[in-house]
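Enquirer: Have a look at the structure that comes next, please.
The values are calculated or read from the model by the stated rules, or taken from the named source; none is laboratory data. Values in this document were obtained by computation on a predicted structure and should not be read as measured data. FYI the Cβ positions are ideal-geometry reconstructions off the backbone, even for glycines, and counts take in every protein chain you see. Heads up: the accessible areas ignore ligands, DNA and RNA and are worked out on the full protein's heavy atoms, side chains in. Shrake-Rupley method; radii C 1.70, N 1.55, O 1.52, S 1.80 Å.
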Amino acid sequence: MSSIGWGKIILLGEHAVVYGYPALAAALDRGVQIGAVPTPAGGALRVDVPSWNVKVDAGDDSPFARGLAAIADHVGVGRPPLTLVGDAQIPPGAGLGASAAFAVAIARELLAYAKKPADARAIAAAADASEQVLHGRASGVDVALAIAGGVGVFRKSTGLRPFPLQGVRVLVGPSGAPRSTAAMVDKVASETGGKADDTRLRDLGSLADVGATALAARDFATLGQTMDRAHALLTELGVSTPLLDGMCKAARDAGAFGAKLTGAGGGGAVIALAPRDKEAAVLAAWKVAGVTGFVATIGAR
Ligand code: PMV
């Protein structure tokens, strides 16, 4: 048996979502798959994700180890002799929800091992324990998507409201630049004075609503425009970088409907929406900037 946590992109509304505004988010068609195998006699709880070069014991002092320990403590399972082997198809630290996908897959496995009910609420509570350790103040959007998959509008107050969507393709460009979600959330707090009525945050929330309607109607031209405007607002809030700006411009110049940073910013990934016959040109433009992007079909579940 193995468990999955979906990776995700935020199409619109990152940062504003921390202040109670809506975010439009979608699962990627990839994530983190975890399977549990017994650790040889005497071994403790471990996690091994070869594609991330992560091989840690729950007692180690590293972020993934602390996340693992937080989930095990939350589940109340102690430190069983298990090795959780992960197959990760998304890069860590890129704003694609890797840490939430990791936490959700591990929470599912440990709840199953402990023979405890693994409903969405229990999985979310256990995964949140890890997210709090790794990210501090998180809205919960990553965990909600990692559990449910699909596409939806997320609000802190109401959780994820999914809507049906099929076959929409998004270009994803992981810039390779590391960043810290917590540092970017702090930056927005100092830029806005931590006030939810900041017009930029409010506008980001409104764009998420407009974008959700456009996505449901498959009006990609409008959705692309909302993405461009959201990127400009995120730039004003200080969470973009010259590399991310350059990737967005390159995507637009190559014929994309729109492009923006996704997730916390400060590095991480850019997303673009493009007509099918322009996708290759966008990927080629990113390649010139040293970024290997990929096409994902959103809404997997
Ligand atoms: O960790 P990331 O890069 O996916 O960013 C999460 C999105 C934020 O809105 C910046 C933070 C949050 O918890 O919603």
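Enquirer: What FRET efficiency comes out for the pair Arg169/Ala41, r = Cβ-Cβ distance, R0 = 45 Å, nearest 0.05?
Expert: Values: r = 48 Å, r/R0 = 1.07.
With R0 = 45 Å, the Cβ-Cβ based efficiency is 0.40.
Enquirer: Roughly how far apart, in whole Å, are the Cα centres of region 161-225 and region 1-54?
Expert: So the two Cα centres are separated by 20 Å.
Enquirer: Given a 1.4 angstrom probe, I'd like the percentage of the accessible area of the chain that is carbon and sulfur, rounded to a whole number. Let's see the in-between values first.
Expert: Working: 6470 of 11780 Å².
Percent of accessible area from carbon and sulfur atoms in the chain: 55.
Enquirer: Could you identify which residue out of Pro174, Pro117, Pro22 has the top mean-square fluctuation in a GNM of the chain using Cα springs shorter than 10 Å?
Expert: Among Pro174, Pro117, Pro22, the largest mean-square fluctuation in the Gaussian network model of the chain belongs to Pro117.
Enquirer: Within the P(r) computed for region 146-229, what percentage of the Cα pairs occupies the region above 16 Å? Let's see the in-between values first.
Expert: On the way: 2348 of 3486 pairs.
Considering region 146-229, 67 percent of its Cα-Cα pairs are separated by more than 16 Å.
Enquirer: Select from Thr235, Thr39, Thr181 the residue whose mean-square fluctuation is largest in a Gaussian network model of the chain (Cα-Cα springs shorter than 10 Å).
Expert: Among Thr235, Thr39, Thr181, the largest GNM mean-square fluctuation belongs to Thr39.
Enquirer: Give the long-range amide H neighbours of Gly20: residues separated by 5 or more places, or on another chain, with amide H under 5 Å away, using H modelled in the peptide plane at 1.01 Å from N.
Expert: So Gly20 has HN proximity to Lys156.
Enquirer: For region 5-117, report the accessible area per residue in Å² (1.4 Å probe, heavy atoms, rounded to an integer). If you can, show how the numbers build up before the last one.
Expert: Numbers: 3800 Å² over 113 residues.
Averaged over the residues of region 5-117, the accessible area is 34 Å².
Enquirer: Helix-only mean residue ellipticity at 222 nm, the chain, DSSP H runs n ≥ 4 weighted -39,500 (n - 2.57), per residue, nearest 500. What is it?
Expert: Values: 9 runs with 122 residues, N = 301.
Using -39500 (n - 2.57) per qualifying helix, the result is -13000 deg cm²/dmol.
Enquirer: Per residue, how much accessible area does region 124-169 have with a 1.4 Å probe, in Å²?
Expert: Values: 1940 Å² over 46 residues.
Accessible area per residue, region 124-169: 42 Å².
Enquirer: Among all helices in the chain defined by DSSP H, which have a length of 15 Å or more along the axis from Cα atoms plus a Kyte-Doolittle mean of at least -0.5? Provide the component values of the computation, followed by the final result.
Expert: On the way: long enough: 63-75 (18 Å, 0.72); 98-113 (22 Å, 1.35); 120-135 (21 Å, 0.38); 181-192 (17 Å, 0.22); 199-216 (26 Å, 0.42); 220-236 (24 Å, 0.05); 242-253 (16 Å, -0.15).
For the chain, where a helix must reach 15 Å along its axis and average at least -0.5, the hits are 63-75, 98-113, 120-135, 181-192, 199-216, 220-236, 242-253.
Enquirer: Using 24 Å as the Cα-Cα cut-off, could you pick out the over-long pairs in Lys8/Lys115; Lys156/Lys278; Lys55/Lys187; Lys8/Lys260; Lys156/Lys195?
Expert: Values: Lys8/Lys115 28 Å; Lys156/Lys278 36 Å; Lys55/Lys187 32 Å; Lys8/Lys260 15 Å; Lys156/Lys195 16 Å.
Checking Cα-Cα distances, Lys8/Lys115; Lys156/Lys278; Lys55/Lys187 exceed 24 Å.
Enquirer: If you count the DSSP beta bridges with both ends in region 39-159, what percent of them are antiparallel, to the nearest 5?
Expert: Details: 5 of 8 bridges.
In region 39-159, DSSP labels about 60 percent of beta bridges as antiparallel.
Enquirer: Using a Gaussian network for the chain with springs between C-alpha atoms less than 10 Å apart, which of these wobbles most: Leu11, Leu165, Leu96?
Expert: Leu165
Enquirer: If you count only protein heavy atoms with a 1.4 Å probe, what accessible area per residue comes out for region 195-243, rounded to a whole Å²?
Expert: Working: 2190 Å² over 49 residues.
That works out to 45 Å² for each residue.
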